[in-house]
Each structure stands twice: as C-alpha cells, then as structure tokens.
Amino acid sequence: MVTTTTALALTVVVLAGFAALGIWQSRDRVRSVEDLVSARNSTGRRRTTASLVASVMGVWILFSAPEAGAGFGVAAVIGYGVGEAVPMLAYAKLGPRIRELVPDGHSLTEYAHARYGTAFYAFVVAVSALYMFVFLAAELTGIASALSLVAGVPQYQTAVLVGGFVLAYTTYGGLRASLFTDAVQAVFVLPLLAVTVVAAVIVLGGPIAVVDGVQTTAPTLLDPGFLPGLQFGFGLAFAILGAELVNQTWWQRVYAADGDDTVVASFRRAAGLNGLLVVAAALFGVAAVGHADVVADVASSAYNADVAFFVLLESAFPEWAVLAVVLLALSLVMSSVDTLFNALASLVTVDLARLRPGTPDRRLALAARAFTVVVALAAIYVSLRARSVLRLFFLADLLGAAVGFPLVYGLYSRSLTGGGALAASATGLAVGLAYFPDLRGYITAVPVVGDALPAADPLYLTSFAGAFLVSTALTLAAARVSDATVDLDALADRVTRLDDVATDGGTARDANGTETDR
C-alpha cells in the first residue's frame with residue numbers, strides 16, 4: 001500500500017508544478033478583465049483540442065464511468081461513451097453559429113439575456129451555475145475519496161490542497177492559464193490512462209482472465225443487449241447532452257479558438273477522443289466486478305460502487321502502478337477544476353459588467369477573483385460531505401437536460417420567445433423530477449404533489465429522456481405557434497467586449513489585439 005506521506009508528497013509536487021506553469025504562462029499576458037475571462041482568438045487546433053479533452057476528462061472518469069460499468073455493464077459503457085461524444089459534435093455545429101451571432105460574447109448567460117430577456121436568463125444562470133458547482137464539488141469529492149482509499153490521506157487535506165493550488169493560478173492567470181495547463185495535462189493524461197489500462201489487464205491475468213472473471217461473477221455485464229444497461233446508457237446520453245449545452249466551459253473555448261475552422265475541427269476530434277476515453281475508463285468497473293476482493297469490499301457497507309476501480313487498485317496493483325494512477329487522477333482533477341473555476345467566475349464578471357456599466361476594469365477583475373475564492377471554499381465544504389460522485393452528477397445533469405435545447409434553439413429560431421423557452425424548460429424539469437429517484441424522499445413529502453407522482457425510474461431513462469424530450473417538443477411547439485420575429489442579427493450589438501470602452505481611465509485595447517498560441 002502507498003503510504004500517506006508518499007501520496008501527499010506526490011500530490012504537493014504535482015499541484016505546485018502545474019500552478020507554477022499556469023502562473024508563468026499567464027505572466028504579463030492578463031492586462032484586463034477581458035483577458036482574464038476570455039482569451040479570445042488565442043488558441044489553435046492542437047491546443048483547443050487538448051483543452052477540450054483535458055477539461056471534460058476530470059477525475060470523474062475514474063469514479064462515475066466505472067460505477068456505471070460495474071452496475072450495468074458494457075451496454076451502459078457504450079451509452080456513456082456516446083453521451084460524451086455527442087455534445088462535442090453538437091458544438092462543432094453550434095460553435096460557428098455562436099461566433100457569428102454573438103462575435104464579442106463571453107458566456108452563455110449574456111447570450112440568454114440578449115436573446116430571451118430577464119426571466120429565462122435568470123433560470124439559465126441558476127441552472128448553469130448549479131450544474132458547474134455540482135461538477136466542481138464532485139471532482140473534489142472524487143480525488144479526496146481516491147487518495148483516502150489508496151493511501152489513507154484525510155479527505156479534507158486533499159480537497160484543500162487541490163482547491164488551494166488550482167485557485168492560485170486560476171485567480172492570477174484566468175482562462176489563459178487554464179488553457180495552457182490543459183494542454184500540458186492532456187499530455188500526461190492520455191499516456192497515463194493507456195498505461196493504467198494495460199497494467200490493469202496484466203494484473204488481472206490478461207484479457208481472457210478478465211472476461212472469465214466477469215463471466216463467472218456477473219455475466220449480464222458482458223451482454224450488450226442487457227436491457228437495464230441499455231436503459232441506463234440511453235438515459236446517460238440524454239443527460240450528458242443536455243447538461244453540456246449549459247456548460248459555460250465550452251462556450252469559453254468556442255471564443256478562445258482562433259477561428260471557425262478551429263472550432264469545428266477541435267470539437268470533432270474531441271468527440272472521438274472523449275468517447276474512447278470514457279469507454280476505456282468505464283470498462284475498469286466491469287473488470288473490477290470480476291475480481292473477488294472488489295466484489296466483497298464494494299458489497300460491504302464501507303464502499304459505494306463508484307470506488308470499484310480504486311478498491312481494485314488498492315488490493316491488486318503494485319505500488320508503482322498506484323502512484324501512476326494517483327498522478328493520473330491529480331492531472332484529471334486539475335484540468336477540470338481550473339476550467340470550472342474560470343467558467344463560474346466569467347458568469348459573474350460578465351453579468352456584473354452589464355448590471356453595473358462603468359465599473360472599473362480592476363474592480364471587475366477583483367470581483368471575478370473574489371467569487372472564485374468563495375466558490376472554491378463552498379465546493380470544498382460540499383465535497384467533504386458528498387458520498388456518490390455519480391449521484392452528484394445526476395442531479396446536475398437533470399437540470400441541464402431540461403434547459404439545454406431551449407437555450408440553443410434560439411440561435412436558429414426567430415420565433416421562439418423567452419416565455420416559450422422558460423415554459424418548455426420548467427415543464428421538462430418537472431417531468432424529469434417526477435421520475436427522478438435520488439430526490440424521491442423530498443418530492444413525495446410535498447402535500448398533494450407527492451401522492452400524484454408516478455413511480456420513480458431507478459434506471460433514470462424516463463427521468464432524463466423525459467426532461468430532454470418534453471422540453472424539446474414544447475420548445476418546437478412554442479416556436480411554431482408564436483407570431484414573434486426576433487432580430488437575431490441584433491444580438492451582436494447587445495453583447496460587447498468588456499474592454500470596448502476603457503472603464504479605469506486607460507485606453508481601450510484594439511478588438512484584434514490578441515496574442516496567438518499554437
């Protein structure tokens with residue numbers, strides 16, 4: 001077993017190294033709040049692709065994906081992979097449209113306000129912020145649980161170290177620092193995950209032994225036609241697609257790319273890579289079920305299924321392999337946590353600039369950094385009390401599944417109104433909640449409403465698909481019956497750069513005065 005001292009030492013070295021890289025890369029390059037939250041037109045195809053892969057591949061792939069594999073088998077594994085690939089393909093189409101209609105934009109919420117008005121904007125702000133915050137808390141929960149299990153590191157120490165070091169370079173360098181460290185982390189993550197897959201197969205006696213072990217323990221997990229697995233997998237696909245459409249991190253990277261061609265190529269490449277990586281990680285859970293020690297430990301009250309891979313790691317892997325996975329997990333968690341810090345800070349900064357025009361640039365930057373600190377502290381607190389990483393994601397995904405389509409359909413429809421989008425989203429969310437099992441105890445306690453609810457769907461398909469499909473159908477219906485005509489071309493005039501007019505007595509920077517990284 002890896003000692004606590006060794007794991008902590010590796011953690012500090014890795015975190016400090018990436019923090020130093022982020023600060024070094026962004027030094028003297030963040031001259032305004034626009035630079036802090038946008039990094040507009042600054043990344044080529046390679047760096048954009050690397051950032052898209054690293055940002056989505058958080059430590060959740062070592063928890064949520066294996067939990068899905070361990071519980072529902074290869075059918076759910078395939079659904080998870082498809083669910084991660086489809087949003088990237090969607091953004092390959094949406095990205096150029098976003099850049100065309102709102103060329104000087106920063107966030108999905110400012111687009112929502114310009115396109116739909118205050119009511120739907122407020123709903124989108126709440127959903128997007130809550131989704132990203134839950135994502136952040138889940139990441140810290142995952143890495144803290146991992147180091148606690150394999151090396152006995154107290155969870156609060158891991159959460160504070162990761163949150164603190166990532167906070168150091170994101171509050172200093174903003175999105176530019178995150179984009180650079182994402183590229184470096186991607187270089188670490190891909191080979192380390194490949195080594196981990198190979199090591200797991202070797203430790204378990206080879207591919208035939210892995211398959212035989214699962215066949216003996218839980219043969220249904222190897223059946224691609226296993227109905228519960230298919231239902232769970234399809235539910236995940238709907239959930240992830242909707243959630244990613246309200247994920248500010250992708251909107252930021254759409255604007256950070258140096259052109260439409262870069263957006264299309266990068267998101268397409270990321271679709272294939274992300275799908276394959278999630279499938280590989282989810283198969284860890286299937287393989288772990290075939291290991292007798294893992295089955296016994298996960299079945300005990302001490303563990304949830306989301307730690308199946310780490311139980312396998314702790315019980316069967318040599319120390320060097322455990323340390324390699326710790327390094328992998330740290331790289332994964334930093335790549336997603338810094339991205340989420342920046343995304344959440346950008347929402348507040350952009351909205352503050354709109355609500356309080358004339359606010360000095362320095363105050364906007366200070367507000368962004370202060371909010372990031374508050375978010376970090378809150379996420380650390382939540383992470384120390386959360387149990388299942390996958391269940392945290394499910395709550396966030398349900399919100400996104402109800403809002404995602406109404407939000408982006410306004411990029412194409414001139415007749416959809418804010419009221420129509422809000423009604424469609426709220427109805428979709430109500431349908432999803434009616435079947436959602438994780439909040440069942442709270443929802444059924446509501447007088448009258450609780451007695452009228454249908455039976456919960458433990459496989460989530462009805463909940464997630466219901467939320468997404470109902471909101472989609474109602475959005476299309478609302479647009480069809482509406483006689484409104486929205487001037488989409490006017491969106492460009494309603495959303496402007498944060499440095500178009502100098503607010504602190506300085507000179508506004510040229511709109512094209514950005515540096516390019518390849």
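Mind telling me which of the residues GLY73, GLY81 ends up being at negative phi and of a type outside the set (Asp, Glu)?
GLY81
Looking at GLY242, GLY174, GLY259, GLY233 in this structure, which one is of a type in the set (Gly, Ala, Ser) and surrounded by fewer than 23 Cβ atoms within 10 Å (Cβ to Cβ)?
Values: GLY242 fails: surrounded by fewer than 23 Cβ atoms within 10 Å (Cβ to Cβ); GLY174 fails: surrounded by fewer than 23 Cβ atoms within 10 Å (Cβ to Cβ); GLY233 fails: surrounded by fewer than 23 Cβ atoms within 10 Å (Cβ to Cβ).
Just a single option satisfies the conditions, and that option is GLY259.
Does ALA280 fit the bill of being over 24 Å from TYR131 (Cα atoms) and under 19 Å from the mean Cα position of the chain (by Cα)?
Criteria met by ALA280.
Does any residue of the stretch 331-348 turn out to be more than 19 Å from PHE133 (Cα to Cα), at pLDDT 75 or above and outside any loop (DSSP other than H, G, I, E, B)? Talk me through it step by step, then tell me what you get.
From the stretch 331-348, those more than 19 Å from PHE133 (Cα to Cα) are 331; that's our starting set.
With at pLDDT 75 or above added as a condition, the list becomes 331.
From what's left, outside any loop (DSSP other than H, G, I, E, B): 331.
Scanning the stretch 331-348, I find at least one residue that is more than 19 Å from PHE133 (Cα to Cα), at pLDDT 75 or above and outside any loop (DSSP other than H, G, I, E, B), so the answer is yes.
Here are some residues: VAL189, VAL184, VAL153, VAL125. Which one is hydrophobic (A, V, I, L, M, F, W, C), modelled with pLDDT under 90 and not in a helix (DSSP H, G or I)?
Just a single option satisfies the conditions, and that option is VAL153.
Looking at the stretch 363-374, can you tell me whether even one residue there is touching a Leu at 6+ places or on another chain (Cβ under 8 Å), open to solvent by 50 Å² or more (accessible area, probe 1.4 Å), farther than 27 Å from THR427 by Cβ and modelled with pLDDT of 85 or more?
Yes.
Among the residues of the stretch 86-107, count how many are open to solvent by less than 20 Å² (accessible area, probe 1.4 Å) and within 25 Å of PHE284 (Cβ to Cβ).
Summing the residues that are open to solvent by less than 20 Å² (accessible area, probe 1.4 Å) and within 25 Å of PHE284 (Cβ to Cβ) in the stretch 86-107 gives 2.
Return the residues of the stretch 432-463 that are under 27 Å from TYR80 (Cβ atoms) and of a type in the set (Val, Ile, Thr); say none if nothing qualifies.
Listed by number, the residues that qualify are ILE443, THR462.
Please work out if VAL127 is open to solvent by less than 30 Å² (accessible area, probe 1.4 Å) and under 16 Å from ALA282 (Cβ atoms).
no
Among VAL127, VAL74, which is of a type in the set (Val, Ile, Thr), in contact (Cβ under 8 Å) with a residue 12 or more places away in the chain and either in contact with a strand residue (DSSP E or B) (Cβ under 7 Å, 6 or more places away or on another chain) or over 29 Å from ARG40 (Cβ atoms) (or both)?
VAL74
The values are calculated or read from the model by the stated rules, or taken from the named source; none is laboratory data. Just so you know, these numbers come straight off a predicted model, no measurement behind them. No Cβ is skipped: glycine too gets one built from the backbone with ideal geometry, and neighbour counts run over all protein chains shown. Protein only, heavy atoms only, side chains kept; ligands, DNA and RNA dropped before computing areas. Shrake-Rupley method; radii C 1.70, N 1.55, O 1.52, S 1.80 Å.
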